[in-house]
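Notes follow once the structure below has been shown.
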Amino acid sequence: KRPAGAPDKALARKVTKVGVVGAGLMASQLALLFARRLEVPVVLTDLDQARLDKGVAYVHAEVDKLLAKGRVSGDQANRLRSLVSGSLTKDAFADADLVIEAVFEDLKVKKQVFAEVEAVVGPECVLATNTSSLSVTAMASGLRHPERVVGFHFFNPVAVLPLLEIVRGERTDDATLATAFATGKALKKSCVLVKDAPAFVVNRLLTRFMGEVIGAVDEGTPIETADRALDGLGLPMSAFALLQLVGPAVALHVAETLHEAFPDRYKVSASLATLVKAGKPGVFAPDFSIDPE
Ligand code: CAA
């Protein structure tokens, strides 16, 4: 059955090579997922060699884990390793059919990335963004082919969580959307079409949950108590472990985007802002204490 709002799958274009912009944790997880499920070459790009090496090393380490668990054979592991490569220039995307960006959450940066990619790829190459909360329409504006831009919002850990929010921008055409759905299906994700609205759907919920948990701490609830709040909903991770997984900086960015769009519904916790400003690497680091002062 076709997911609600998905266009005719006959319009989908074939994806035979994938580019990933960024080689951070999310980007590296995406590279592995695309290589494993589509069995096509995947090229990661980033600004410097050290980051690229780290991204490729992450993929290799995850392949080792799959091999150790018997999820892939030795041959498949070798093939997976050979499918994922790193390149410092986006020229390596020239023959890609789909490029996904997973860089810093900044509209200007992402627009710049898409402009650079567009200068290299063919006119039908899909440009996907893994943004958590920014407008896909705004990201496409100014491009020569805004109709090939689509939101592809994955959840961390990408290998485990089944949902994929596919975001249709104002200019996204049916062929792009059909390609996005066909690709999402090949990635074995459960795809839903969401509106291009701030933070789409899932992050609105998550931000509300986390906002209330951190708000409780702001109001004097001990952090260890507030941490248990999501257990009451049967969610698999404690609140602050989840915050740590998402990354406080990403969580703050989403909260700020939602606060701007819906000031009555979303607050930005002073504690979260302080935590991010202080550059705390781990929410539950032994010396951690929430202190808005
Ligand atoms: N990469 C790949 N696989 C991973 C992984 C990772 N980072 N983390 C865990 N896994 C795998 C494990 O290998 C294990 O797989 P097998 O069963 O095949 O061996 C499986 O997941 C279960 O892992 P564990 O037994 O180690 O631990 P667990 O049962 O506690 O599950 C978890 C760990 C999957 C992370 C689980 O706690 C979970 O789903 N947590 C919720 C995560 C969540 O809500 N993420 C959404 C964040 S929001 C977001 O990402 C979007 C945004 O824009 C901010």
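A few comments on the model shown:
- Screening Glu219 against (1) away from the ligand (no atom under 11 Å from the Cβ); (2) modelled with pLDDT under 90; (3) closer than 21 Å to Leu161 by Cβ leaves a single unmet condition, (3).
- Look at (1) under 25 Å from Leu107 (Cβ atoms); (2) modelled with pLDDT under 90; (3) within 11 Å of the ligand (Cβ to nearest atom) and you find that Gln244 fails only one, number (1).
- The range 74-85, residues that are among the hydroxyl-bearing types (Ser, Thr, Tyr) and either assigned to a helix (DSSP H, G or I) or within 19 Å of the chain's Cα centre (by Cα) (or both): Ser82
- Some residue of the range 55-73 being farther than 22 Å from Phe155 by Cα, of a type outside the set (Val, Ile, Thr) and under 21 Å from the mean Cα position of the chain (by Cα): no
- Qualifying residue in the range 92-115 (condition: buried (at least 19 other Cβ atoms within 10 Å of the Cβ), small (Gly, Ala, Ser), within 15 Å of the ligand (Cβ to nearest atom) and modelled with pLDDT under 95): no
- Complete set of residues in the range 214-237 that are more than 19 Å from Ala270 (Cβ to Cβ) and part of a loop (DSSP other than H, G, I, E, B): Arg228, Gly234, Leu235, Pro236, Met237
- Where Pro7 falls short, out of the listed (1) outside any helix (DSSP H, G or I); (2) within 13 Å of the ligand (Cβ to nearest atom); (3) of a type outside the set (A, V, I, L, M, F, W, C); (4) closer than 26 Å to Gly122 by Cβ: (2)
- For the range 160-182, a residue qualifies if it is crowded, with 16+ Cβ neighbours inside 10 Å and within 16 Å of the ligand (Cβ to nearest atom), and the qualifying residues are Leu164, Glu165, Ile166, Val167.
- With respect to (1) outside the structural domain of Lys90 (by TED's automatic domain parsing); (2) more than 29 Å from Leu245 (Cβ to Cβ); (3) of a type in the set (D, E, K, R), the lone exception for Arg208 is condition (2).
- Ala138 being at pLDDT 95 or above and surrounded by fewer than 23 Cβ atoms within 10 Å (Cβ to Cβ): yes
- Verdict on Lys195 being within 14 Å of the ligand (Cβ to nearest atom) and surrounded by fewer than 23 Cβ atoms within 10 Å (Cβ to Cβ): no
- Test for Gly55: is it surrounded by fewer than 14 Cβ atoms within 10 Å (Cβ to Cβ) and not charged (D, E, K, R): no
- Lone unmet requirement of (1) surrounded by fewer than 18 Cβ atoms within 10 Å (Cβ to Cβ); (2) modelled with pLDDT under 90 for Ala186: (2)
- Sub-7 Å Cβ pairs linking a first residue in the range 19-41 that is in contact (Cβ under 8 Å) with a residue 40 or more places away in the chain and among the aliphatic types (A, V, I, L, M) to a second residue that is within 12 Å of the ligand (Cβ to nearest atom) and outside any loop (DSSP other than H, G, I, E, B), at least 6 apart or interchain, are Val20/Leu30; Ala31/Val59; Leu32/Val59; Leu32/Glu62, ordered by first then second residue.
- Exclusive hit being at pLDDT 95 or above, part of a helix (DSSP H, G or I) and closer than 26 Å to Gly151 by Cβ, set His259, His253: His259
The values are calculated or read from the model by the stated rules, or taken from the named source; none is laboratory data. None of these values were measured; they are calculated from a predicted model. All Cβ positions, glycine included, derive from the backbone under ideal geometry; neighbour counts span all protein chains shown.
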